[in-house]
1. Please give the contour-minus-distance gain from PHE5 to GLU195: 0.36 nm per residue of separation, less the Cα-Cα distance, rounded to one decimal in nm.
2. Bin all alpha-carbon pair distances of region 75-181 at 10 Å intervals from 0 and give each bin's fraction as a whole percent.
3. List, in the order given, every pair from LYS35/LYS313; LYS35/LYS307; LYS36/LYS227; LYS35/LYS350; LYS25/LYS245 whose Cα-Cα distance in the structure shown is over 21 Å.
4. Assuming R0 = 35 Å, can you tell me the calculated FRET efficiency for the pair ASN91 and VAL151, based on Cβ-Cβ distance, to the nearest 0.05?
5. Calculate, in nm to one decimal, what THR277 and LEU64 gain on full extension: separation in residues at 0.36 nm each, minus their alpha carbon distance.
6. What FRET efficiency comes out for LEU265 versus TYR396 if R0 is 51 angstrom and r is the Cβ-Cβ distance? Round to the nearest 0.05.
7. Restricting attention to the alpha-carbon atoms of the chain, what are Rg (one decimal) and Dmax (integer), both in Å?
8. Return the distance in nm (one decimal) between the two label points of a simple spin-label model at ASP299 and LYS25, each offset 7 Å from Cα along Cα→Cβ.
Amino acid sequence: MINDFLKYQAQTSPYPLGMEVSHAKGSYIYDTNNKKYLDFEAGVSAVTLGHQHPRVNQAIIDQLNKYSHVMVYGEYAQHPAVQLCRLLAENMPPQLNKTYLVNSGTEAIEGALKLARRVTGRSQLISCFNAYHGNTMGSMSVMGFEERKQVFRPLIPDVDFITFNCEEDLQKITNKTAGIILETIQGGAGFIQPENDFMKKVRQRCDEVGALMILDEIQPGFGRTGKLFGFENYDVVPDVVVMGKGMGGGMPVGAFTANDKMMDLLSHDPKLGHITTFGGHPVIAAACLATLQELLETDIMAQALEKEKLFRKLLVHPLIEEVRGRGLMLAAMTPAADITDKVILRAQEKGLILFWLLFEGKAIRITPPLTLSNEEIEEGCGIIIEVMNEILAEQYNN
């Protein structure tokens, strides 16, 4: 299978990990040799409730037995999508009451950027250096990492950048700004949290000049930081919330939410201001609804903060300089990128799946399913410490 994988399927890097997957269950993935791997990545923050969660699986099966795709998005009332959007509205601040369902996080970013320009009649967009919001052309235009963008230029115009957590830079938000887009926690940059009420100060500046505040919750959202959405940790309400990844419990989805007056502008002048064939797909929406219901009806989100404490207690080692992040969106920082590489690759050999961050080479990404047990945390952290001890011993012997 690996030969066909490399021959026929387009790759995203020169050296894919190449595991041949057989099946997955709970917190584990199994290869075709039936070796099991403890999953500390959850499909890069996407498999919120673990692999093959019974509630999500049953919701998918039940919906498949009724109907699948029937009409382009926004024309027919379909129960799973309607119930999902209603439940989101009931669990978000009152002004965030209407949701547009799409197919991925990056498409949701595209929709949010278009909405900002449509609402304000302005063109300027502001993002942050080292930001990552997806890889389509609009999302790439607000990516704050030139190395990944340069060969694809020209991108969309009138985009400026500020430094995350830099209060002085907020003066770049002016009455020419349609919107500023921020990750609630900067992901690719190294799981950097806002400091010194930075989010509140962004909110205040946007209110002063009439710009929209767009928060990218594609990674922090759906319980990963101990709240349904990361912005709830910082006492701020954005104008637009973008979501994806963990929203679908392992299924492909994205969405953006704002108030109804703004969202209704996408329906006219011009009509079809944003359109998607498969957005709100009933099977996907059913999986999303089941995931959201499970999060709201259990203490899984609160457990994320307790599990964070256990991770921080166990991940103490001379090769770990700090553990960044919140809840189960964590990054263990090593002294150098080559050490991080060794830890990730050797851990997989020992049955633990870790991964990298996009722009911060020293970070070991730890974003497991929210449902993993304390025993599984201890198992995985034990492998990390074992690998790091081996690396230290090699350094000493050399």
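1. Details: separation 190, 0.36 × 190 = 68.40 nm, distance 4.34 nm.
Between PHE5 and GLU195, full extension yields an extra 64.1 nm.
2. Spelled out per bin, shortest first, that is 13, 37, 33, 15, 2.
3. Working: LYS35/LYS313 28 Å; LYS35/LYS307 26 Å; LYS36/LYS227 31 Å; LYS35/LYS350 10 Å; LYS25/LYS245 18 Å.
The answer is LYS35/LYS313; LYS35/LYS307; LYS36/LYS227.
4. Numbers: r = 41 Å, r/R0 = 1.19.
Computed FRET efficiency for ASN91 and VAL151: 0.25.
5. Values: separation 213, 0.36 × 213 = 76.68 nm, distance 1.80 nm.
Once the chain is fully extended between THR277 and LEU64, it gains 74.9 nm.
6. Details: r = 63 Å, r/R0 = 1.24.
Efficiency, from the Cβ-Cβ distance: 0.20.
7. Using the Cα atoms of the chain, the pair Rg, Dmax is 21.1, 70 Å.
8. 2.7 nm
The values are calculated or read from the model by the stated rules, or taken from the named source; none is laboratory data. The structure presented is a predicted model; accordingly, all values stated were derived computationally and were not measured. Please note: Cβ atoms are built from the backbone with ideal geometry, for glycine as well, and neighbour counts cover all protein chains shown. SASA here: full protein model, heavy atoms, side chains in, ligands and nucleic acids out. Shrake-Rupley method; radii C 1.70, N 1.55, O 1.52, S 1.80 Å.
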